[in-house]
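Structure, as structure tokens:
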Amino acid sequence: MKTVLITGARAPVALHWARLLHMAGHRVILADSHRFAMARATRFKAAYVQLPQPRGALLPYARAVESVVRRFGCDLVLPTCEEVFFLAAARDHIGTQVPLVAPPFALLAQVHDKYRFAMMAGSFGADPPASTLLSSASDLEACRATSENLVFKPVWSRFAERVLIKPSPSDLERIRPSPTDPWVAQAFLPGEELCCWALARDGKVQALQAYRPLYRAGKGASLAFEPVDHDRIRQFVAGFVAAYAWTGQISFDFRHDAQGRLSVIECNPRATSGLHYFGGADGLATALISGGAAEASLAGPMTLPLAMLCYGMPAAIRKRGTRQWFDDFRTMGDIAAWPGDRPMLPAQLRALAEIFCIAAVKRIGLKAAATADIEWNGEPLGG
């Protein structure tokens, strides 16, 4: 038996990891800077610890995590969200003693930077779109004439935050790129979006699941998804993680067009929805703890029902697609449900209420409030 500290307990992927590890006989400690993180409610944990928020307070956060590791004798620390940047910075820059499942901070920072990632990701079988770094008004002006063939996004962002797709030249007035808030302009690629999640150790893929987003919160996070099998995605991920000796979780977004071309769009060095297709008997916990490989066995469309109600239904009403939405909603699997664990709806409502309070206090939107304390946007972190 190993003791695993899972951070980012607000995320459904953290709950899923907790269940897989518990079923494999391991002791699970959950932690987050939110008081009512959803995964806190699971029966499959030994303890839940509320941490200080990492953003803007790296040293107190690092000391708190180190204290939890010592107190519970944790053998591994498994991040699931953007707190991975702060944990890696604590390890690499401050010298915090944590057995972190993540690559060096410098590599994490590279792939999180959308422009630098585009420079890294060629020659693995899914070349990224042509990309231009925008750090000034003059850089932006150079793109004005061709803006309706481009996608503009902040270098440091998540969930399609502030993205402009094929904007008119006048729409570019909303963008103010600078050295501290750089943007990237990329060629617009038609086609469907595909995603994948993977776990790797020392540059070797241990587990991978590709999936297709079905419903989204605006332009951003996937609310519902279905698995796909895509050999070229596997080829790309295997090549990328080998080239950079990756250890830990990593996720990618792709564009797949009608001619069969596959292009990687961006990288998220954290857990995403593909993880939910691994069941308790699929060996993923063993792959994490001991090495080896795991294959997903679960199938079919899945969703988090509360998210589909809050975000998916209003979007369906606007698009006059309520009948399709209802048919999909009643047939999709619930990623929060698990045999032997308690129902998660009360925990989700408590977590949502906490996020509402954060949004009200900070006067920001719900999506921003959900990650405001763990986002990393390129600022120096102790080194």
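The values are calculated or read from the model by the stated rules, or taken from the named source; none is laboratory data. Model, not experiment: these values are computed from the prediction. Here Cβ is always computed from backbone atoms with ideal geometry, including for glycine, and neighbour counts include all displayed protein chains.
Could you check how many residues of the stretch 70-97 are in contact (Cβ under 8 Å) with a residue 40 or more places away in the chain and either touching a strand residue (DSSP E or B) at 6+ places or on another chain (Cβ under 6 Å) or crowded, with 22+ Cβ neighbours inside 10 Å (or both)? Show your work before the answer.
Step one: of the stretch 70-97, the residues in contact (Cβ under 8 Å) with a residue 40 or more places away in the chain are 72-87, 89-90, 92-94.
Remaining after also requiring either touching a strand residue (DSSP E or B) at 6+ places or on another chain (Cβ under 6 Å) or crowded, with 22+ Cβ neighbours inside 10 Å (or both): 72-87, 89-90.
Number of matching residues: 18.
Which one of these is surrounded by fewer than 19 Cβ atoms within 10 Å (Cβ to Cβ) and touching a residue at least 40 places away in the same chain (Cβ under 8 Å): Ala41, Ala11, Ala46, Ala57? Can you show your working first?
On the way: Ala41 fails: surrounded by fewer than 19 Cβ atoms within 10 Å (Cβ to Cβ); Ala11 fails: surrounded by fewer than 19 Cβ atoms within 10 Å (Cβ to Cβ); Ala57 fails: touching a residue at least 40 places away in the same chain (Cβ under 8 Å).
None of the others qualify; the one that does is Ala46.
Give all pairs with beta carbons closer than 6 Å in which a residue from the stretch 298-316 that is within 28 Å of Gly283 (Cβ to Cβ) meets a residue that is part of a helix (DSSP H, G or I) and among the aromatic types (Phe, Trp, Tyr); count only pairs at least 6 apart in sequence or on separate chains.
Matching pairs, first to second residue: Leu298/Tyr277.
Checking the structure you have, find out if any residue of the stretch 67-83 is closer than 28 Å to Lys153 by Cβ, part of a helix (DSSP H, G or I) and within 21 Å of the chain's Cα centre (by Cα). Explain how you work it out, then say what you get.
Step one: of the stretch 67-83, the residues closer than 28 Å to Lys153 by Cβ are 79-83.
From the residues that got through so far, the ones that are part of a helix (DSSP H, G or I) too are 83.
Still in the list and also within 21 Å of the chain's Cα centre (by Cα): 83.
Looking for residues that are closer than 28 Å to Lys153 by Cβ, part of a helix (DSSP H, G or I) and within 21 Å of the chain's Cα centre (by Cα), one finds at least one in the stretch 67-83, hence yes.
Would you pick out the residues in the stretch 104-132 that are among the small types (Gly, Ala, Ser) and more than 17 Å from Asp92 (Cβ to Cβ)?
Residues satisfying the conditions are Ala118, Ala121, Gly122, Ser123, Gly125, Ala126, Ala130, Ser131.
Return yes when Pro269 is modelled with pLDDT of 95 or more, surrounded by fewer than 18 Cβ atoms within 10 Å (Cβ to Cβ) and either farther than 27 Å from Thr7 by Cβ or touching a strand residue (DSSP E or B) at 6+ places or on another chain (Cβ under 8 Å) (or both) and no when it is not.
Working: modelled with pLDDT of 95 or more: yes; surrounded by fewer than 18 Cβ atoms within 10 Å (Cβ to Cβ): no; either farther than 27 Å from Thr7 by Cβ or touching a strand residue (DSSP E or B) at 6+ places or on another chain (Cβ under 8 Å) (or both): yes.
Here the answer is no, as Pro269 does not meet what is asked.
Considering each of Ala126, Ala88, Ala118 in turn, give the residue that is part of a loop (DSSP other than H, G, I, E, B), at pLDDT 95 or above and of a type outside the set (Lys, Arg).
Details: Ala88 fails: part of a loop (DSSP other than H, G, I, E, B); Ala118 fails: part of a loop (DSSP other than H, G, I, E, B).
The conditions single out Ala126.
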